[in-house]
Every structure is written in C-alpha cells, then in structure tokens.
Amino acid sequence: MSEQSRWRPETVAVRGGYAGDNATHSISVPIYQTVGYQFDDTSHAARLFNLDEPGNIYTRIMNPTADVLEQRVAQLEGGVGALAFSSGMAAITGAILNIARSGDEILSSTSLYGGTWTLFTSTLRDFGITVRFIGDEELPEIDRAFNEHTRAVFVESVGNPRLDITDIQGWADAAHRHGVPLIVDNTFPTPYLERPIEHGADIVVHSLTKWIGGHGNSLGGIVVDAGRFDYQVERFPYYSQPDSSYHGLVFGTLEAAAYITRLRVKILRDTGAAISPTNAYYIIQGLETLPLRVRQESSTAQDLAERLTEHPRVSWVNYPGLSNHPSHRRGQQYFSHGLYGSILNFGVKGGHDQALKVMDRLKLWLIVANVGDVRSMAIHPASTTHQQLSPKEQDLAGAPGDLIRLSVGLEHPDDLFEDLAQALEG
Ligand SMILES: *Cc1c(COP(=O)(O)O)cnc(C)c1O
C-alpha cells in the first residue's frame, strides 16, 4: 500500500487497487457478475451483517469489480476511500443525503451542471433540504451565508459553460471556518488535471460517465472521501448519535472510514443506486487510458482554440488554456501538466441563427449534449440545454445564442479543424 501511494497517476490508472485474482491469476480485472456471495457458515454471515468483519454480502452494497474501481479512483484523488454509484447524479445525491436531512441546509456555488441544479432547486427542496446559492464573485462575503443549519458546501471545480476555474482553497477555508465539509464535483478536470483534496476539499464526486469512462458506453458515478473531516460533533447527528439500524453503532467512531462506511451501509443499502459490475469494468477499461486521453484531448483543444481565434467568422474563443482567459492564472495554480482540458466554447459571427447553420453543416463533429467521449461532439446550448431560459438569462448563465460548445475527442486535430472551418465558411 505504501508503495502504491507513491505511484504516479499513469501507474495508478493501470495498476491501482488490483494485485491479481487469487483463483485465476487473471491480469485484466475480472467482471464479478454476481449478486450474492456464499458465507462460510451462519456465524460468518452474522459477523458480516453486524459489520464485525469485512466481506462481501450482496452486490447492492459491494462488489469486487466495483471495489477495484473504488480503490483506483480513491488513489488517483488522494482519498482514503470511495464508493461507486450507478450514475453521477446518484453519487451527488448520496454524498448529500449522507450528511444532511430535512431541516438542514447546503450552501452551493451557482455555477452547476443542469441535473445538479434541478436536484438542488427542486428535488432536495421537496425533501426539506434547502440549498442556498452564492456566486464565485461573492466568495468574499460568503461568511454571511452560513447558519446553524448548514451541513456542507458544494462547488464544481470548473464552471460550465463559462469554463471558470474555481478557487477550491477559498471555498474550503470558508467551509472549515464554519465547521462543515467542502464537496467538489471534479468531473471536468478529472484527477489527472486537478486533485481537489490537495486544495482543501473533503469529499470529491465524479460522473464516471464522462472522461473517466471516456468512451460513452456506461453510466457511473463515484464519491471519494479525504478521511480528515471530523463528523463526530453535535452538528452531524448521523455520526455523533447511535444508529438504531445498526444496534446503536456511532458511525463517527469509525474515524477516517466513517463517511464512506455510512454511505455504503446506509445510503447505498437503502436507496439502491449501485453500479453494475459490467459498467464498473467498462469504466475501469476507460480509466486505464485516462492520462493519455486527457493529454491528447487537451493538446488538440489548445490547438483548436488558437486556430479558431484567428478565424474571421469567429467572434470570440473561451478556453482556459488561452493566456487572455480570466481563469488562465488560476489554472496554473490548480491544474497539472500545463493542460487545460478538452472543453472549449466559441462565438459565431452573426449570432444565434448563424451558429445553428454552422452546427448543421458539421460532418465530423457529432451533435451531442454529452461531454468527455473519445469522439468529438458539439452542442448549441441556447437551443438545447439552456433552451428554457430567456436570452438575457442565457447571457447571465454564460450560454449566449452565438455560443457553440465543443467537447474535443481523439480524432486528428487537422480533421477536426477542417470540419469546423468548412462549417463556418458554409
Ligand atoms: C454529467 C455530469 C453529472 C451527472 O452525471 P451522470 O453520470 O450523467 O448522472 C454531474 N456533474 C457534472 C459536472 C457532469 O458533467
């Protein structure tokens, strides 16, 4: 383990969390496509059910294929443990329900993925959990937004579609001043570009569906815990009070393992959004090439951003790797390897209608609302993901009518640029 903790991300991506299968010596991580596991005898079964001894019980709560994925992502993020879910949204929901209940509050940045936005403004509200919002620019006044009901702070490491890089350390310091953990959705940079735990985050969540899986074939999500937040205080009764569904266990006494253990044996057990073993396998396959893909895609995105800047039919380009981007300097602090990821936005001269014409002339770029696939994809947010907003609200949300968002894949940069150029020139 200590040797593994020194491994660089490229090594962890292909070797982390798997030392071989004792029964078969399989090199590739086996797909343990099973629901149940045989107990040695009745007392073994009873010990597992009482959490006296670790071991496999039922795939809704744990599975050996998912376990490799969990260990590997935990190592990449620098956490003490992780728990996989059936999707990114299930992971975010679980991360919050493991801390907050009816009457509690969450403080969140306004710059959020659409599904997270509606979870926070609608579904959680219906369950009695109130989410208060605060913009990145209001960070200096954040202290006023906390109260005795606040249970966590939630941010994304990169805002979309603005592509502004979040000051994780600033948000973490504020959360800790008020005795609550910081949860960071790190889907966009992936742990290869950014490790929020190193900047003060307590919990990291991912949609594995995007870059970590990377091939657009499987949904998945994960929650990683840094293991250093002390939940065994009055503010967190889930961890400081005895749990009647586990014979009075006080979860906080599990210390660094408290958060992920409770997430597994309470939230996942009771809500059931477990990842399938086969999806966990596909996502492990993707994860093995994550560093290679992120490097290539970031380099292509940088190249396209520079070439689009020069194009006469393009009015502006938004890519944090360009030195004039408002987040470029912050990226140097938070992002590794001098890379800035594979999402870039640009504005088409002529506005909304011209942007739609350019979209419809694309041949190689796929029109898809998803991101993080090996295939390059384009979307016009104003007519799709942000369609319900007024033009003014679209501008405020960073999705004006002339904007085309690109998720850069692994095709040759020249092929990708030539297709954009023919579509722009019509
Ligand atoms: C896609 C996405 C999610 C949701 O993930 P699913 O796997 O689609 O449920 C959450 N956060 C961000 C930043 C995403 O891009």
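The values are calculated or read from the model by the stated rules, or taken from the named source; none is laboratory data. These numbers were taken from a predicted model, which means no experiment stands behind them. In this analysis, Cβ positions are derived from the backbone assuming ideal geometry, glycine residues included, and neighbour counts consider all displayed protein chains. These accessible areas exclude ligands, DNA and RNA; they are computed on the full protein's heavy atoms, side chains included. Shrake-Rupley method; radii C 1.70, N 1.55, O 1.52, S 1.80 Å.
Assorted remarks:
- Helical content of the chain, expressed as a calculated mean residue ellipticity at 222 nm, amounts to -9000 deg cm²/dmol (DSSP H runs of 4 or more residues, -39,500 (n - 2.57) each, divided by residue number, nearest 500).
- Summarising the strand pairing of the chain, around 60 percent of its internal DSSP beta bridges are antiparallel.
- Cα gyration tensor category, rounded, prolate or oblate, for the range 177-253 with a/c compared to 1.5: oblate
- Rounded to the nearest 20 debye, dipole of the range 75-205 from Cβ charges on Lys, Arg, Asp, Glu: 380
- The range 59-112-the range 123-150 distance, computed between alpha-carbon centres (Å): 20
- Lysines with Cα under 22 Å of Lys349, excluding same-chain neighbours fewer than 8 positions away: Lys357, Lys363, Lys392
- Computed over every Cα-Cα pair of the range 107-149 and binned at 5 Å starting from 0, the pair-distance distribution P(r) comes out as 5, 22, 28, 21, 17, 5, 0 percent.
- Residues of type lysines that Lys266 reaches as a straight line, Cα spacing below 16 Å, ignoring anything fewer than 8 places off in the same chain: none
- Average projected area [Cα convex hull, the chain], square nanometres: 21.0
- The calculated P(r) of the range 201-315, using every Cα pair and 5 Å bins from 0, goes 2, 10, 13, 14, 13, 11, 10, 9, 6, 4, 4, 2, 1, 0 in percent.
- Relative to the longest principal axis of the Cα atoms of the chain, the long axis of helix 351-361 makes an angle of roughly 80 degrees.
- C-alpha long axis of helix 168-177 to longest principal axis of the chain, angle in °: 40
- The range 218-233 - phi-based ³J(HN,Hα) in whole Hz, Karplus 6.51/-1.76/1.60, Gly and Pro as x: 8, 7, x, x, 8, 10, 10, 10, 6, x, 10, 7, 8, 8, 7, 10
- Protein accessible area in the range 4-286, 1.4 Å probe - carbon and sulfur %: 50
- The angle between the Cα long axis of helix 413-425 and the main principal axis of the chain comes to about 50°, on a 0 to 90 degree scale.
- Scanning residues 5 or more positions from Ile57 or on other chains, those with amide H under 5 Å from its amide H are Met62, with H placed 1.01 Å from N in the peptide plane.
- In the range 139-196, GluC sites (Glu not before Pro) in a DSSP loop with at most 15 other beta-carbon atoms within 10 Å: Glu148
- For Ala152, the residues whose modelled amide H falls within less than 5 Å of its own, excluding neighbours fewer than 5 places apart on the same chain, are Leu107.
- Solvent-free Debye scattering, log10 I(q)/I(0), computed from the Cα coordinates of the range 129-287 at q = 0.09, 0.15, 0.20 Å⁻¹: -0.34, -0.93, -1.35
- The chain, relative contact order [Cα under 8 Å, separation at least 6], %: 16
- The loop-placed chymotrypsin sites (Phe, Trp or Tyr not before Pro) in the range 71-129, going by DSSP, that have at most 15 neighbouring Cβ atoms within 10 Å of their Cβ come out as Phe127.
- The range 76-163 shape via C-alpha gyration tensor axes, a/c threshold 1.5: rounded
- Sites listed here are trypsin sites (Lys or Arg not before Pro) in the range 227-301 whose DSSP assignment is loop and whose Cβ has at most 15 other Cβ atoms within 10 Å: Arg228.
- Cβ crowding within 10 Å averaged over residues, with 369-380, 176-187 ranked highest first: 176-187, 369-380
- Stokes-Einstein diffusion for the range 290-425, with the hydrodynamic radius set to the Kirkwood value over Cα pairs and evaluated at 20 °C in a medium of 1.002 mPa s, equals 142 µm²/s.
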